[in-house]
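Reading through the structure tokens given below for one structure.
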There are 2 protein chains.
Amino acid sequence: MDYETLLKQRRAIRDFQDREVPLSVVEEILRETCLAPTASNRQPCKFIVVRDRERMRRLSDVSRRTLLADLDRNPDSPLKAYEAYLRDDGVNVFYNAPCLVFILGPDDVRSLDVDCGLTAAYFMFAATARGLGTCWIGLGAHLKDRMVLAELGVPEGCRIVAPLILGYPTAVPPASERHAPEIVRVL
Amino acid sequence: MDYETLLKQRRAIRDFQDREVPLSVVEEILRETCLAPTASNRQPCKFIVVRDRERMRRLSDVSRRTLLADLDRNPDSPLKAYEAYLRDDGVNVFYNAPCLVFILGPDDVRSLDVDCGLTAAYFMFAATARGLGTCWIGLGAHLKDRMVLAELGVPEGCRIVAPLILGYPTAVPPASERHAPEIVRVL
């Protein structure tokens with residue numbers, strides 16, 4: 001796909017066709033994702049692929065509960081804006097997507113967040129180039145319970161950075177607004 | 001440019017032609033860069049563009065000195081591997097690139113590192129699509145001195161996340177090695 005088209009097609013997708021994403025396609029996307037640069041080419045990112053929708057729904061519930069408990073402890077948190085959404089038991093933070101991919105890595109890698117950010121961008125493009133849509137679900141990363149993490153297979157000492165939903169979009173929504181680049185200074 | 005070609009052309013570039021990058025091209029790249037997704041579409045990234053090579057050389061020296069002081073305080077740091085390089089006064093950590101772009105943002109934005117990681121990937125692709133090369137200079141972000149930061153125009157409360165050099169490559173080096181994606185679990 002032409003890069004300009006790809007840029008236009010890459011949107012946050014939250015509405016999916018009722019169509020599974022074959023595991024072979026997910027694997028192909030992840031192979032391309034791993035072309036992303038990482039600090040010192042350390043390649044710290046690992047992946048967990050969830051295709052079981054029942055499990056995704058349970059993970060959504062756990063994430064909602066964890067976030068609400070955080071909000072109770074810290075009522076001034078920016079989470080406040082999401083409170084009604086999080087309290088709604090009908091909500092699935094993963095939007096009933098057919099597939100969910102966690103990008104994670106060792107917590108002692110100082111560059112982990114930026115490495116996962118770069119890797120997530122590659123993941124989004126690799127998916128879009130194959131007619132798929134993605135969305136980074138910030139509210140879906142709050143899985144602190146050791147039992148839940150163990151069930152997911154998150155290795156000890158690792159941390160989930162990016163939960164990305166993946167599926168065939170029902171439509172490509174218009175671009176969300178962007179302000180002009182804020183160039184602080186040119187020297 | 002075709003995305004597959006872009007993927008192959010996007011390399012860490014550390015060797016540049018002696019050719020300036022017009023500011024209009026940098027601005028065009030930054031406009032495209034700002035199409036990157038960020039958490040809650042908050043768009044926290046700001047940019048500083050440095051095209052003065054003398055200044056870049058001084059920033060390199062400051063960064064080297066800061067890193068060496070950090071290493072003195074913490075001799076077991078992973079920086080140890082770079083010690084000889086950092087002690088070499090002939091070294092310019094920015095590889096004498098004709099242009100250096102800092103991506104920065106407010107330190108109180110919790111998603112700043114991942115937002116800047118996503119944004120940096122877009123920057124790299126936007127540059128590559130225009131025949132330019134980039135490299136993230138991890139060793140170039142260590143500018144803690146308030147005087148230096150003020151001279152650069154880094155706003156109070158902001159933090160540099162990504163220093164990216166930019167220029168016309170002398171050649172596109174072969175791809176650095178990548179291991180297969182580490183898929184911890186499929187559920």
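Per DSSP H run of n ≥ 4, the term is -39500 (n - 2.57); total these for chain B, divide by its residue number, and report the mean residue ellipticity at 222 nm rounded to 500 deg cm²/dmol.
The per-residue figure over chain B is -11000 deg cm²/dmol.
Mind listing the phi-derived Karplus ³J(HN,Hα) values for the stretch B:91-108, rounded to whole Hz, using 6.51, -1.76 and 1.60 with θ = phi - 60°, and x for any glycine or proline?
In residue order, the calculated couplings are 6, 10, 4, 9, 6, 6, 5, x, 8, 9, 10, 8, 9, 9, x, x, 5, 8 Hz.
Given R₀ = 56 Å, FRET efficiency for A:Asp52-A:Ile183 by Cβ-Cβ distance, to 0.05?
Numbers: r = 46 Å, r/R0 = 0.82.
Between A:Asp52 and A:Ile183 the formula returns 0.75.
Run through the other copies and list how far each one's label point is from that of A:Leu187, in nm with one decimal, shortest first; the point sits 7 Å from Cα along Cα-Cβ.
4.7
Assign unit charges at the C-beta atoms only (+1 for Lys and Arg, -1 for Asp and Glu), then state the dipole size of the stretch A:35-187 relative to its Cα centre in Debye, rounded to the nearest 20.
Working: 19 positive and 18 negative charges, 62 e Å.
It comes to approximately 300 debye.
Tabulate in residue order the Karplus-calculated ³J(HN,Hα) for the stretch B:69-80, using 6.51 cos²θ - 1.76 cosθ + 1.60 with θ = phi - 60°, rounded to whole Hz; enter x for Gly and Pro.
Running phi through 6.51 cos²θ - 1.76 cosθ + 1.60 with θ = phi - 60° gives 5, 4, 5, 4, 6, 9, x, 8, 5, x, 4, 3 Hz.
From the phi angles alone, apply the Karplus equation (6.51, -1.76, 1.60; θ = phi - 60°) to the stretch A:158-169 and give each ³J(HN,Hα) in whole Hz, x where the residue is Gly or Pro.
Listing the rounded values in order: 9, 9, 6, 9, 10, x, 10, 7, 9, x, 7, x Hz.
If I take R0 = 45 Å and measure r between the Cβ atoms of A:Asn96 and B:Tyr85 in this structure, what FRET efficiency does the formula 1/(1 + (r/R0)^6) give, to the nearest 0.05?
On the way: r = 51 Å, r/R0 = 1.13.
E between A:Asn96 and B:Tyr85, to the nearest 0.05, is 0.35.
May I ask for log10 I(q)/I(0) of the protein assembly as shown at q = 0.15 Å⁻¹, from a Debye sum over the Cα atoms as equal point scatterers with solvent left out?
Evaluating at q = 0.15 Å⁻¹ gives log10 I(q)/I(0) of -1.40.
Give me B:Ile29, A:Ile160, B:Ile103 ranked fewest to most by other Cβ atoms within 10 Å of their Cβ, as a rough exposure proxy.
On the way: B:Ile29 28, A:Ile160 20, B:Ile103 25.
Placing the least packed residue first, the sequence is A:Ile160, B:Ile103, B:Ile29.
Treating the point 7 Å from Cα along Cα-beta-carbon as the label, what are the nm separations from B:Leu68 to the other copies, to one decimal?
5.7
Could you tell me which residue in chain A puts its beta carbon nearest the axis mapping A onto B, with the distance rounded to whole Å?
A:Gly117, 1
Test of understanding: what is the full-extension gain from B:Arg130 to B:Asp107, defined as 0.36 nm times their sequence separation minus their Cα-Cα distance?
Details: separation 23, 0.36 × 23 = 8.28 nm, distance 3.13 nm.
Full-extension gain reported as 5.2 nm.
For each pair in A:Lys46/B:Lys144; A:Lys80/B:Lys46; B:Lys80/B:Lys144; A:Lys8/B:Lys46, compute the distance between the two Cα atoms and list the pairs where it is over 28 Å.
On the way: A:Lys46/B:Lys144 32 Å; A:Lys80/B:Lys46 26 Å; B:Lys80/B:Lys144 20 Å; A:Lys8/B:Lys46 22 Å.
Beyond 28 Å between Cα atoms: A:Lys46/B:Lys144.
In debye, nearest 20, what is the charge dipole magnitude of the stretch B:1-57 about its Cα centre with +1 on Lys and Arg Cβ and -1 on Asp and Glu Cβ, if you could check?
Numbers: 12 positive and 10 negative charges, 63 e Å.
Charge dipole of the stretch B:1-57: 300 debye, to the nearest 20.
Using a label point 7 angstrom from Cα along Cα-to-C-beta, what distances in nm, from shortest up, separate A:Val148 from the other copies?
4.2
Any read-out appearing in this document is the output of simple, stated calculations on the displayed coordinates, not a laboratory observation. Values in this document were obtained by computation on a predicted structure and should not be read as measured data. In this analysis, Cβ positions are derived from the backbone assuming ideal geometry, glycine residues included, and neighbour counts consider all displayed protein chains.
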